[in-house]
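The values are calculated or read from the model by the stated rules, or taken from the named source; none is laboratory data. As the structure is a prediction and not an experimental result, all values here were calculated from the model. So basically every Cβ, Gly included, is an ideal-geometry build from the backbone, and we count neighbours across all protein chains shown. Protein only, heavy atoms only, side chains kept; ligands, DNA and RNA dropped before computing areas. Shrake-Rupley method; radii C 1.70, N 1.55, O 1.52, S 1.80 Å.
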Amino acid sequence: MPTVNLNRDELFAALGKTFTEDEFDELCFEFGIELDEVTSEKQMNNKFLGDKAPAAGAEAVDDDVIYKIDIPANRYDLLCLEGISRALNVFRGVSPSPIFRMMEPKDGAPRQKMIQKPETMLVRPFVVCAVLRGIKFDAARYASFIDLQDKLHQNICRRRTLVAIGTHDLSTLKGPFTYEALPAEDINFTPLKQTRSFNARELMEFYKSDQKLKHFLHIIEDSVVFPVIYDANRTVLSLPPIINGAHSAINLNTQDVFIECTATDLNKAKIVLNTVVTMFSQYSATPFAVEPVDVVDAMGNQRCYPDFMTRFVDADPKYICGRIGVELDAQKMAALLCRMQLPTKIGENGMLRVEVPPTRSDVLHACDIAEDVAIAYGYNNIARTVPQMATVGAQQPINHFSDLIRGEMATQGFSEMLTWILCSHDDNFANVSREDTGNSAAIIANPSSLDVQVVRSSLLPGVLKAMGANKDTPMPAKLFEVGDVVLLDESKDVGARNYRRLLVLYSNVKSGFEVVHGVLDRVMLIVGAAKLGGDPGYTVKEANEPTYFPGRQAYIMRGGVKIGVFGIVHPDVLAKFDIVNPCSILELDLEPLMTL
């Protein structure tokens, strides 16, 4: 859960009331957040420095009381003092929910415009913008504005990989603006807090020693082109997601703020922009009014931002009562939801018509509505009752069966492994000589790195990768894993299903094919498929997979259905994982054996 550090006196001033520590702790609990710690800037500074003395000439640290408040990870509107104080005031009933609106430029002036060039599709394909007019900053508001951006960058922006925020003093710029992607050597500007001009390639080297910015360089460092935003005078606003330009830096005297968010995820970009403008539009000349910006995307389509994304969610009062275990009428529920900044009306059919404001991107389903009703009603006000039915907890049958298999493998001298269920596309296909037909593996739409592109469709890549990383261990290597793979299945509502499998690996100076064959016979015997002195419980069928050595592989069949494969891994596959000794593999579906 994110933690927000708030100055107690500033928070109480925004709330319009002074609380004792216990009273505020109770208020936080009722609202669904937690007062984690009460400290001070001086204590935090001493904790950070330890026994080190402050540097000579360093500014004295205030001894103001700081409240550290834990908030839910999906409540981006609570990441700053403005959001928390507003939410608590509405919850307490001392102020109404704000109404956010678009406000056109004064005197019939045209809107600001952002023009996106097609080359940006190669690096960060989306941009959204907005303007806050007549902002009144002081030191505390300015610090909160910067801190909110940092919190968003660490949270929903995923350390700037998904979204990067840039804020600029509009009075120093001239529109229209252009979002471009150029070779690094062609981008020259003076970055924030610097006094000389750099080109983008020089900046990459310069910031490798910066304790904060060095963590973001990898996002674009290897790109053919770098994203950059210019104004009409070719003044650089920012080099996203790394740094803004010094020319348009905001300060305490800034009144008009131009906000741009470049992104790889358009929905996240809209949420981030909405969060920033809804939190700080309260300081605008017209409170809660935002000036829109026209964005012309790479395809030439013009859209207006911010997209406040106001929407409606219908919820059945009976469903909500069933969820929270309290009988409430629709009128009461509507009143409770208004305390959670969710204006609600009752439809003719008795359904709740809940308006979701731009600050509440966490509301996705009727169950989220039920949760807010329960919070506003008060969890402590829900009577404790004895369930109408008694149940006895137990393991899922497949998990119990898997544990029995694990125990048997351990008694045979094999060591268990646990590998990642997400892997790279190459590891799942090319490195094990398998073709991606497009209908076998679940692909991650927006992977955070190349190592997590695919949900594994076999246990083999993970075990081979681990074997390659531990090739210096004494021989023979006897490894096994019991885990899930995921295969596409159109009959399932999610389009895929899990399969529990056993994989056994034996590696030595010789292949040891007979070892894994013996393991198969033993497994079939202990699960009851095989009969002593008779039927082995399975048949084998010739296989011809490029993963395994020709003539040294077979499918395992039972009842005419393939339930596994075993064989000697092909040398080309072993080379891809840097394995020097031959390996034999058994991969077996466990679920068909459970009912024996």
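Summary table
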read-out	value
Long-range amide H partners of VAL356 with built H, under 5 Å	ARG311, PHE312, VAL313
Accessible surface, per residue, of region 131-179 when the full set of protein chains is kept, probe 1.4 Å, Å²	37 Å²
Radius of gyration, Dmax [region 451-596; alpha carbons; angstrom]	15.7, 47
Dimensionless Rg/Rh of region 537-596 - Kirkwood Rh, Rg from C-alpha atoms	1.05
Translational diffusion coefficient (Stokes-Einstein; Kirkwood radius from C-alpha pairs) of region 70-186 at 4 °C, 1.567 mPa s, in µm²/s	74 µm²/s
More than 48 Å apart - percent of Cα-Cα pairs taken over the chain	33 percent
Lys/Arg +1, Asp/Glu -1 at C-beta; the chain dipole; positive extreme among GLN553, ASN399, PHE513	GLN553
At 1.306 mPa s and 10 °C, Stokes D of region 287-440 from Kirkwood alpha-carbon radius, µm² per second	73 µm²/s
Over the chain: helical MRE at 222 nm, DSSP H runs n ≥ 4 each giving -39500 (n - 2.57), nearest 500	-8000 deg cm²/dmol
Using a Förster distance of 51 Å, the FRET efficiency for THR539-SER197 (Cβ separation, nearest 0.05)	0.10
Assigned charges on the beta-carbon of Lys, Arg, Asp, Glu; the chain dipole about Cα centre (debye)	680 debye
Inverse mean reciprocal Cα-Cα distance (Kirkwood Rh) of region 331-377, Å	10.6 Å
Cα-based reach from LYS117 at 26 Å (exclusive), listing lysines while leaving out same-chain residues under 8 positions away	LYS174, LYS268, LYS270
Karplus (6.51, -1.76, 1.60) ³J(HN,Hα), θ = phi - 60°, over region 579-590, in Hz, Gly and Pro reported as x	9, 9, 9, x, 10, 10, 10, 10, 10, 9, 6, 8
Coil-residue trypsin sites (Lys or Arg not before Pro) of region 226-306, DSSP, other Cβ within 10 Å capped at 10	ARG234
Long-range HN-HN contacts of ILE563 with modeled amide H, under 5 Å	ILE556, MET557, ARG558
Net lengthening on full extension, ASN301/ASN399 (0.36 nm per residue, minus Cα-Cα)	30.1 nm
Cα centroid separation - region 485-509 against region 408-450, whole Å	9 Å
For region 198-265: accessible area per residue (Å², 1.4 Å)	40 Å²
Cα gyration tensor shape for region 119-163, rounded if a/c is under 1.5, else prolate or oblate	oblate
Charge-dipole axis of region 163-247 as Lys and Arg at +1 and Asp and Glu at -1 on Cβ define it, positive-most pick from PRO240, GLN194, SER223	GLN194
The chain - percent of accessible surface contributed by carbon and sulfur, probe 1.4 Å	52 percent
Distant-in-sequence amide H partners of VAL65 (H built 1.01 Å from N, under 5 Å)	ARG8, ASP9
Estimated inter-spin distance, MET103 and LEU418, nm [label 7 Å along Cα→Cβ]	5.5 nm
HN-Hα J in Hz across region 195-200 - Karplus 6.51, -1.76, 1.60, θ = phi - 60°, x for Gly and Pro	10, 10, 8, 10, 8, 4
The chain, relative contact order [Cα under 8 Å, separation at least 6], %	11 percent
Part-to-part distance (alpha-carbon centres) for region 112-150 and region 307-375, which is given in Å	31 Å
Residue-normalised accessible area of region 325-449, given per residue in Å² at a 1.4 Å probe	61 Å²
Note, ³J(HN,Hα) from phi for region 243-256, Karplus 6.51, -1.76, 1.60, rounded to Hz, x at Gly and Pro	8, 8, x, 6, 4, 9, 4, 7, 8, 5, 8, 5, 10, 10
Environment charge at CYS367 (Cβ cut-off 15 Å; Lys +1, Arg +1, Asp -1, Glu -1)	-3
Shape metrics for region 445-524, restricted to C-alpha atoms - Rg then Dmax, Å	15.9, 47
Loop-resident sites, region 398-468, for GluC sites (Glu not before Pro), counting at most 16 other Cβ within 10 Å (DSSP)	GLU435
Stretchable slack from ALA246 to SER209, in nm (0.36 nm times residue separation minus alpha-carbon distance)	11.4 nm
Net +/- balance of residues flanking LYS113 in space, Cβ distance below 15 Å, scoring K and R +1, D and E -1	-3
